[in-house]
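The values are calculated or read from the model by the stated rules, or taken from the named source; none is laboratory data. It should be emphasised that the depicted structure is a prediction, and the values quoted were computed from it without experimental measurement. Note that each Cβ is placed from the backbone with ideal geometry, even for glycine, and that neighbours are counted across all protein chains shown.
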Amino acid sequence: MSEETIYKAQEKIKLNAETSPVPWILIGAGGVLLLASIFNLHLIDYLWPGFIIIPGLLMMVPAYKSTVVDQSRWSFLAIPGAIFLTVGGMTFVMNLFDHFEAWAYCWPLIPAAVAGGVLYMTRFDGNADLERRAHKFIRYMVMFVVGLAFFFEIIVFENFNPLMSLGLILFGFYLLRQDRKNLKAAA
């Protein structure tokens, strides 16, 4: 291999490393705006939950930058950040499907987000009991949301959908599997 080939390879590596993300962001934004213009979409109708999601992401940064050695004193912002991310994600999905009635049964995800924020904030502490309890709490809150969703969608809103029947069957199989797993662990 000649010195010129090695030099060119090194320059190519430097060029790739020095490429700014700004052009890619501009290309992506231009593509989204072009598609919105072609399909006559009003972007604010779909992207307004970003005004909730972006502050949530910003609140997660101190906990993200924390390390085992250097914990940020601002890591506690992971808790409200997780709440903002959860509420923003829920409003994005509800807005996408125009089904804001789902607030009736999705609210348990907010306490689950608090537990998730605590887990993220304390991920370097090594408290196995806290981790176990938080994971268990999050799992119960998600199961509570699923149960409330079936109740509200079928009984209150009278939105019967065959996919709900399939979801109920799959959830039953999941619970059976968990019971068998618990029985094997106890034996």
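Restricting attention to region 68-90, does a residue exist that is farther than 26 Å from Y46 by Cα, loosely packed, with under 14 Cβ neighbours inside 10 Å and touching a residue at least 24 places away in the same chain (Cβ under 8 Å)?
For region 68-90, residues farther than 26 Å from Y46 by Cα, loosely packed, with under 14 Cβ neighbours inside 10 Å and touching a residue at least 24 places away in the same chain (Cβ under 8 Å): present.
Yes or no: region 114-123 includes at least one residue that is part of a loop (DSSP other than H, G, I, E, B) and either among the hydroxyl-bearing types (S, T, Y) or touching an Asp or Glu at 6+ places or on another chain (Cβ under 6 Å) (or both).
Yes.
Find the residue count for region 94-128, including only residues that are more than 21 Å from G81 (Cα to Cα) and touching a helix residue (DSSP H, G or I) at 6+ places or on another chain (Cβ under 9 Å).
The qualifying residues number 7.
If we scan region 116-130, do we find a residue that is acidic (D, E) and in contact (Cβ under 8 Å) with a residue 12 or more places away in the chain?
no
Restricting the search to region 150-187, which residues are under 24 Å from F97 (Cβ atoms) and not in a helix (DSSP H, G or I)?
Those that are under 24 Å from F97 (Cβ atoms) and not in a helix (DSSP H, G or I): F157, E158, N159, F160, N161.
Can you tell which of A102, A134 is small (G, A, S), in contact (Cβ under 8 Å) with a residue 12 or more places away in the chain, surrounded by 14 or more Cβ atoms within 10 Å (Cβ to Cβ) and in contact with a Leu (Cβ under 6 Å, 6 or more places away or on another chain)?
Values: A102 fails: in contact with a Leu (Cβ under 6 Å, 6 or more places away or on another chain).
After ruling out the rest, the residue left standing is A134.
With V69, V61, V87 as the choices, which residue is closer than 12 Å to F124 by Cβ and of a type in the set (V, I, T)?
Of V69, V61, V87, the one residue that is closer than 12 Å to F124 by Cβ and of a type in the set (V, I, T) is V69.
Evaluate region 36-50: report whether one residue or more is assigned to a helix (DSSP H, G or I), modelled with pLDDT of 90 or more and under 24 Å from the mean Cα position of the chain (by Cα).
Looking through region 36-50, at least one residue is assigned to a helix (DSSP H, G or I), modelled with pLDDT of 90 or more and under 24 Å from the mean Cα position of the chain (by Cα).
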